[in-house]
Amino acid sequence: MNRPLLGIVWDLLSTLLLTIVGTFIASAPSINLLSSGVGLISGISASYSGRLDSLFANNSSVGVLAICVAEGNCQIDGTKTKDYFQNIDPGNGLINRGWCSDQGRGGSNLANADAGCLSRTKSRIPRLFERMKRVGLNPEQHEEAFVNATDLWNQASPRVSDAFPTTYCAALNRGLQGQEAILWARVEAFRDDSGELSAGNINLQRGVYIGLFGICANPQNTYYQTRLQTYPLMSERWRWSCIALDQNRRVEAIQRVFASIQ
């Protein structure tokens, strides 16, 4: 994941959205994410058609652009930013390249990085499709949410994207819609089997937090520090807001890509 691109307009919009969604934190029950392991689902026989099949058909597809913009590696028109060519992941220090920020899997070759990004993303589509169907959602009717699920697969632990269909269904059942529903679902999907929001842990040897929580807890990162300073470090509100700040940026990026093709 890359550092947020700040701007006054973005800041006002994201603050407003977080304020609206934040009203649900205190009353939101922990969602029990059973069977959220990373093992393969046996007997998958995904059958889908239309645009869903073309979201990640090639490196020029809409889903690819959406994740590239969410990563900060592309602009809406597809122009590559400097981070596409190389950037250091602030969460784990790995060197990223390509449209998905490939965590070094493709080495120093950008073509290999992009090919690996596409192959890895497409490999997860049947699983995410099946999980959305399990909770009664037709992915073809929730394309933007489906791309958000694949973005979570690219960004976070596999358990998070596995959990997203359940939390997204819960968001819709709560009456949330659009970006509000997707953001709430993305944050809640970070809950582990114990029901605790988990987006990083502490390195006991160094005594520091790593992952997204490490970014939020970094005193030199004023973007997060100024927005989280009213919450006790690692409290439920601090965790929820830390994750929401990061996820809101990605949700908005994906939404802008979808809006640009309508």
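Derivation of every value follows stated rules applied to the coordinates shown; laboratory data play no part. Note that this is a predicted model, so its numbers are computed, not measured. Ideal geometry is used to build each Cβ from the backbone, glycine not excepted, and the neighbour counts take in all protein chains shown.
Tabulated values for the structure
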{"item": "Charge tally in the Cβ shell below 12 Å around residue 119, where Lys, Arg are +1 and Asp, Glu are -1, residue 119 excluded", "result": "+2"}
{"item": "Rounded FRET efficiency, nearest 0.05, which uses the C-beta distance separating residue 94 from residue 233 and R0 of 22 Å", "result": "0.30"}
{"item": "16 Å Cα-Cα reach of residue 82 towards aspartates and glutamates, excluding residues that sit fewer than 8 places from it in its own chain", "result": "71, 102, 114"}
{"item": "Alpha-carbon centroids, the stretch 215-262 and the stretch 61-104: separation in whole Å", "result": "18"}
{"item": "Extension reserve of the residue 261-residue 123 stretch, reckoned as 0.36 nm per residue once the Cα distance is removed", "result": "47.2 nm"}
{"item": "Gained length - residue 177 relative to residue 133, 0.36 nm times residue gap less alpha-carbon distance", "result": "14.0 nm"}
